[in-house]
Amino acid sequence: MSEIVLETHGLTKAYRSQCVVDHVDLRIEKGHIYGLVGRNGAGKTSIIRMVTGQTVPTGGALSLFGESGSGKLERMRARTGAMVETPSFSPFLTARENLEYYRIQRGIPSKDVVEEALEQVRLTNTGKKKFKFFSLGMKQRLGLALALMNRPDLLLLDEPINGLDPEGIVEVRHILTQLTGQLGMTVLISSHILTELASLATCYGFLEQGVMLEQLTSEDLRDRCRACLEIRVDDAAKAARVLEQTLDLRAFDVLPDGLLRLYSGIDAPHRIVKVFVEAGLAVSAVNSRGANLEDYYLSLVGGVRGA
């Protein structure tokens, strides 16, 4: 049975009359990269702040590594690392000097963690270069190194790829994939850059106005976004036989109410309809389906809103 690293039940956060996180149930298993998807203001940062203890929930329950309650949660938070916003680094210190400062400040005894963290984010070759001369991507990676210094089992990242150029995004993606693949680390990453989460996350939670609309695995998402052709007929069983025997097509599902969903041969829907009609079937609807992560999210929240 997989270990549950983070779980919430009815997690809620309200500021005066505004509810920014509304009874959210969330569950993350060990070794997964959980993509928390939502536009700005959806409640992503508030959830991460409650998990890290930076803000107190208004209601609901929260557990880390199977432990709950304020005392136990605080001990379990020692097993987490977080980058909620870019840390305050000294512009006149190098990457190593900045991390060494935080190592001493946090009372981490082992000096090896500085070099280890720099290796994990690929910043060992910065030498004497001062932080003020770092690119945005390098600054983000140093922030990630700081989050890794206590060798966490759970890493929480709030919009870590926001503002990065394509090369910087690829770097962060490779780093996170390596951390989970080789070290078994669990990652919660929030972002509104959905195309990048699609190539990284193993499961997703879709947030809108503080409400968790849906949670699903990457496999579930691929199934739901898979390109297909939907055809509605008067006799689905007969249509299935025609697909197999006449058209030699077998990648399809038979759904209720005479609906068939085809995954092959979909580039020539007119040919399929023609064969159906010739076989005496009545075709009442033909629709192409297929979406990417962004399309799927927009379908959940009801489309694009005006600014």
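A few points about this structure:
- Candidates Ala279, Ala201, Thr58 compared by Cα position along the dipole of the chain: farthest toward the positive end lies Thr58, with charges placed on Cβ.
- Remark: spin-label model distance Lys72-Ile4 equals 1.2 nm, labels positioned 7 Å along the Cα→Cβ axis.
- Pairwise label distance in nanometres, Gln182 with Asn40, each label 7 Å out on the Cα-Cβ vector: 3.5 nm
- In order along the range 228-244, the phi-based Karplus estimate (6.51 cos²θ - 1.76 cosθ + 1.60, θ = phi - 60°) of 3J(HN,Hα) comes to 7, 10, 9, 10, 9, 10, 7, 9, 5, 5, 5, 4, 4, 5, 5, 4, 6 Hz; Gly and Pro are listed as x.
- Long-range HN-HN contacts of Val21 with modeled amide H, under 5 Å: Lys13
- Lysines with Cα under 21 Å of Lys129, excluding same-chain neighbours fewer than 8 positions away: Lys111, Lys139
- Solvent-accessible area of the range 1-86 (1.4 angstrom probe, protein heavy atoms only): carbon and sulfur portion equals 46 percent.
- Label zone (Phe92, point 7 Å along Cα-to-C-beta; backbone nitrogen cut-off 16 Å) within the range 116-147: 129-133.
- Assuming charge only on the beta carbon of Lys and Arg (+1) and of Asp and Glu (-1), the dipole of the range 1-124 about its Cα centre is about 320 debye to the nearest 20.
- Per residue, the average separation of C-alpha pairs within less than 8 Å and at least 6 apart gives the chain a relative contact order of 20 percent.
- Amide hydrogen neighbours beyond the local backbone of Leu157, cut-off 5 Å, H modeled: Met83, Leu188, Ile189, Ser190
- Look at [x] 28, 38, 22, 12, 1; [y] 29, 45, 21, 5; [z] 35, 54, 10: the one that is P(r) over Cα pairs in 20 Å bins from 0, in percent derived from this structure is [y].
- Per-residue ³J(HN,Hα) for the range 119-129, Karplus 6.51 cos²θ - 1.76 cosθ + 1.60, θ = phi - 60°, Hz, x for Gly and Pro: 5, 5, 9, 6, 10, 6, 9, 7, x, 9, 5
- For trypsin sites (Lys or Arg not before Pro), the sites in the range 61-130 that DSSP calls loop and that have at most 13 other Cβ atoms within 10 Å are Lys111, Lys128, Lys129.
- Full extension of the chain between Val56 and Lys129 yields a length gain of 22.4 nm, computed as 0.36 nm times the residue separation minus the alpha carbon distance.
- Within the range 81-193: Cβ-based charge dipole about Cα centre, in debye rounded to nearest 20 (Lys, Arg +1; Asp, Glu -1): 400 debye
- Taking every C-alpha pair closer than 8 Å and separated by at least 6 residues, the mean separation divided by the residue count of the range 178-231 gives a relative contact order of 20 percent.
- Averaged per residue, the chain has 50 square angstrom of accessible surface, using a 1.4 angstrom probe with ligands and nucleic acids left out.
- The charge dipole of the range 88-134, taken about its Cα centre with unit charges on the Cβ of Lys, Arg, Asp and Glu (plus for the first two, minus for the last two), comes to roughly 260 debye.
- For Lys274, a cut-off of 29 angstrom between C-alpha atoms picks up these lysines, skipping any fewer than 8 places away in its own chain: Lys238.
- Rounded to 5, percent antiparallel among DSSP beta bridges of the range 137-293: 80 percent
- Spin-label pair Gln209-Val277: with each label point 7 Å from Cα along the Cα-Cβ axis, the two points sit 4.5 nm from one another.
- Computed with a 1.4 Å probe on the full set of protein chains, the accessible area for Ser110 sits at about 40 Å².
The values are calculated or read from the model by the stated rules, or taken from the named source; none is laboratory data. Only a predicted model underlies this, so the values are computations on that prediction, with no experimental measurement involved. Here Cβ is always computed from backbone atoms with ideal geometry, including for glycine, and neighbour counts include all displayed protein chains. Quick note on the areas: whole protein, heavy atoms, side chains included, nothing else; ligands and nucleic acids left out. Shrake-Rupley method; radii C 1.70, N 1.55, O 1.52, S 1.80 Å.
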